[in-house]
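The values are calculated or read from the model by the stated rules, or taken from the named source; none is laboratory data. Predicted, not measured: the structure shown is a model, and the values here were computed from it. Note that each Cβ is placed from the backbone with ideal geometry, even for glycine, and that neighbours are counted across all protein chains shown. What goes into the accessible areas is simple: the full protein's heavy atoms, side chains included, and nothing from ligands, DNA or RNA. Shrake-Rupley method; radii C 1.70, N 1.55, O 1.52, S 1.80 Å.
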Amino acid sequence: MSSSEMNASTSGFGIDIGGSGIKGAPVDLAGGRFSAERLRIPTPSPSTPGAVADVVAQIVESFGDASGTGPVGVTFPAVIQHGIARTAANVDDAWIDTDVDTLFSARLGRRVHVVNDADAAGVAEARFGAAKDTKGLVIMATLGTGIGSAVLLDGRLVPNTELGHLEIEGHDAEHRAADSAREREDLSWEKWAHRLQTYFRTVENLFWPDLIVVGGGVSKKSAKFLPLLDLRTPIVSAQLLNDAGIIGAAVLAAEAPEAPATPAV
C-alpha cells in the first residue's frame, strides 16, 4: 500500500449539522480525533436543503486537500432511512422525504453518507470514548433540546432508534426529561434527576443494557446529576462531547458500502 493509499484509509471527513451551527473537520479514523481544527458556520435561516447544502460544501472546500477524496460523513437531526430524511428536528420541514445523500453528493461532487446525529455520536463513543471495548448492549442518550438515542450491540449500530419518544406516565419522555425541560421549568438538579431516574429506569427495564452513556451539552455537568441516579445499569458521561458527531459520521461514511451502479438501459 502506498503512503497516499494508507493516508486515505486512515483519514476521513465529518460534518455535524445542528439547528444553530454546522461544524466540520478532517478526522483521523485510527485515533478518533480531528486532524485539523474544526470549522463552524451558523446554520442558515431558513435552513432549507439548498441553503444547508451550500454551507456543507463551503466547509469541505475550505479545507482544500486536507478534506481528502473519500466519502464525507454528515450527521443530520432526523431519522435517516437509506439516505432519506423521514423527519426534521430544528431544521426546515422541507427536509422531510428529501434524499439527503443524493443532494449532498451532487453538491460536493463526491460520495456523502448521511446518518442520524445521535447514531453518529453513539458510534464515536463506542469506538473511541466512554463505551470503548464494551461488549453487549450499549445505549447512548443525548440530552439537549430533545432526547436522542443510539443503540449498539457489540459495537454494531441499530440505526434510528427514537427512545426520546417513549411514553412515560402519559408524556413524551423528552418533553419531561430533556435538558430543555430542565431549563424551561427552572428545575433543580435534584428534581430533574428524579425525572431522569424515571426515564432511564424505563429504558433499562425495556432493553436491559450493559451500559448507558449520557451525551449532549449537559453531559459536561454530569457530576451534578449522574450521582443522583439509582440504576442497576452502569451509567457514565460521554467523553468526546461536541466532537462525537463529526468523528462518528466520518467513521460510518468510511465503512459504508458504496451503492451499486445503476445498470445502463
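Observations, loosely collected:
- Residues of the stretch 23-44 satisfying the condition of being among the hydrophobic types (A, V, I, L, M, F, W, C), open to solvent by 40 Å² or more (accessible area, probe 1.4 Å) and more than 16 Å from Gly245 (Cβ to Cβ): Ala30
- Check on Ala78, modelled with pLDDT under 95, within 18 Å of Ala244 (Cα to Cα) and crowded, with 18+ Cβ neighbours inside 10 Å: yes
- Verdict on Leu229 being within 20 Å of His175 (Cβ to Cβ) and over 23 Å from the mean Cα position of the chain (by Cα): yes
- In the stretch 63-75, residue surrounded by the fewest Cβ atoms within 10 Å (Cβ to Cβ) [restricted to those that are touching a strand residue (DSSP E or B) at 6+ places or on another chain (Cβ under 8 Å) and in a helix (DSSP H, G or I)]: Ala66
- Screening Ala254 against (1) open to solvent by less than 70 Å² (accessible area, probe 1.4 Å); (2) within 16 Å of Ile139 (Cβ to Cβ); (3) out of contact with any Pro (no Cβ under 6 Å at 6 or more places or on another chain) leaves a single unmet condition, (2).
- All of Val203, Val251, Val236, Val218 fail the test of being at negative phi, of a type outside the set (D, E, K, R) and not in a helix (DSSP H, G or I), apart from Val236.
- Any chance Val55 is free of Cβ contacts under 8 Å to residues at least 40 places away in the same chain and outside any strand (DSSP E or B): yes
- Residue identified as modelled with pLDDT under 95, open to solvent by 40 Å² or more (accessible area, probe 1.4 Å) and either in contact with a Gly (Cβ under 7 Å, 6 or more places away or on another chain) or under 20 Å from Val100 (Cβ atoms) (or both) among Ser9, Ser4, Ser47, Ser20: Ser20
- Residue list for the stretch 238-247, filter: farther than 14 Å from Val27 by Cβ and open to solvent by 30 Å² or more (accessible area, probe 1.4 Å): Gln239, Leu241
- For the stretch 190-235, a tally of residues being surrounded by fewer than 17 Cβ atoms within 10 Å (Cβ to Cβ) and either in contact (Cβ under 8 Å) with a residue 60 or more places away in the chain or among the aromatic types (Phe, Trp, Tyr) (or both) returns 4.
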